[in-house]
Structure formats: structure tokens, C-alpha cells
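Below is one structure, written out as C-alpha cells; the observations come after it.
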Amino acid sequence: MSFILPELPYAYDALEPHMDAQTMQIHHDKHHAAYTTNLNAALEKYPEFFEKSIETILSDLNAIPEEIRTAVRNNGGGFYHHNLWWTELAPNAGGEPIGTLAEVIKKDFGNFATFKEQMGAAAMGRFGSGWAWLSMRSDKTLIIHSTPNQDSPLSQGLLPLLGIDVWEHAYYLKYQNRRKDFVDAFWNVVNWDEVERRFAEENSAAS
Ligand code: MN
């Protein structure tokens, strides 16, 4: 079974005005689709990896044959990160998390405003293409960090909970060089229910 591009869970224009319909369409139908196609193409020679989850693959890139490792790292990362991206966003969302995740954010970062500030700084500090992340360490504490290109937190033993895609393809049509405006707008469409669900699921999983 090859990896399948998930449907966008809402209309292309659902996140307007924060994320414009044309960017959403190209981002999903072209960029995410290409990562998916290229991941499948890379794995075709080693179909045993189609039996594994993308999380398992990215968590142990050394297990991938060297001739396709870079392709899997780039396109597997792109496939997986965008699966997260569409679900961690939603129309009529934003605000602040509630419940356990809110408590842990407070414990690890002081308060929500500081957390947002640090995550924004990670997004602004990533030179070139990449992601800023809120991830969970194996001891269940949270960390804000960033990765270049499509390198995955999973490959560093971290579980990503929330990412900000700072590739220009995520914002350039609407924001051009104004990455900060895009990052500020991002907070208006964060689907905290989904981030909380992910956090709770991982938090309750046996480690
Ligand atoms: Mn992207």
C-alpha cells in the first residue's frame, strides 16, 4: 500500500483571510501531492517500507537504504508534516488551548504569551525553508525548536504537536517577504482541539 495524500478537511478558502485560498490549493494539491508522489516513488524499490507507518520510517532513517534515504527524509518529512499541517489548522479556531495542554505549556514556558513569543521567534529565526515546532520529548516535557527543510522532529526523537510551516510556499502569494505577518496570522487558525487531542493521545501512550 502506498502512502495516500489526505483530503483537505475543509474548503480551500476556509482559512481566509489568514491563509488565502490560492495558497491553500497549491500547497495541498501541488506541494503536498508532490511529497506524497515522490515518497512513494522512492520506496518502490524497497516496498517492505510501505508496511511501516510514516512515523516509524522517520523515527529511524538509518534503517532506510542509503540510496533512497535523502529522498525519504525530504519527501517522507514533507508528507508527514503536511498531514499535521491541515489538521492542526481550522476555520473559526485560534485562541488558547484549555485543559492539560494549557497547564503543561504554562509549566514549561511560563505562560501562553511567552510560549507564542518563543514559537514565533523559532519561526522567524529559521533561515531559509523549514518549520518551527512545539514538540514533546520522551519524558513528556515540551520543547520549542525548529528544523530545516523537511527534517522531522521524529528523527530527533521528538514528537511534533504543532508546527509552523515557514517555507515560502506556505505564505509568499499573500504575504510576500512578510513572514512575521504570516506567523502572526497563523495563531488565528490553530485548531487547539486537535493539538490537545494529539497531546492527550501521545501523553497517555505507553512510553
Ligand atoms: Mn509546506
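For region 126-150, a residue qualifies if it is of a type in the set (Gly, Ala, Ser) and open to solvent by less than 10 Å² (accessible area, probe 1.4 Å), and the qualifying residues are 130, 132, 135. Residue 110 passes every criterion in (1) among the small types (Gly, Ala, Ser); (2) within 16 Å of the ligand (Cβ to nearest atom); (3) under 18 Å from residue 136 (Cα atoms) apart from (2). One residue stands out in region 65-98 among those that are open to solvent by less than 40 Å² (accessible area, probe 1.4 Å), more than 16 Å from the ligand (Cβ to nearest atom) and small (Gly, Ala, Ser): the one that is farthest from residue 134 (Cα to Cα), namely 71.
The residue that is farthest from residue 136 (Cα to Cα), counting only those in region 15-64 that are open to solvent by 30 Å² or more (accessible area, probe 1.4 Å) and small (Gly, Ala, Ser), is 41.
Restricted to region 151-184, and to residues there that are among the charged types (D, E, K, R) and within 11 Å of the ligand (Cβ to nearest atom), the residue that is surrounded by the most Cβ atoms within 10 Å (Cβ to Cβ) is 165.
The values are calculated or read from the model by the stated rules, or taken from the named source; none is laboratory data. Everything quoted here is computed from the prediction, not taken from an experiment. Counting neighbours? That spans all protein chains shown, and the Cβs are built from the backbone with ideal geometry, glycine included. Calculation scope for accessible area: heavy atoms of the full protein, side chains included, ligands and nucleic acids excluded. Shrake-Rupley method; radii C 1.70, N 1.55, O 1.52, S 1.80 Å.
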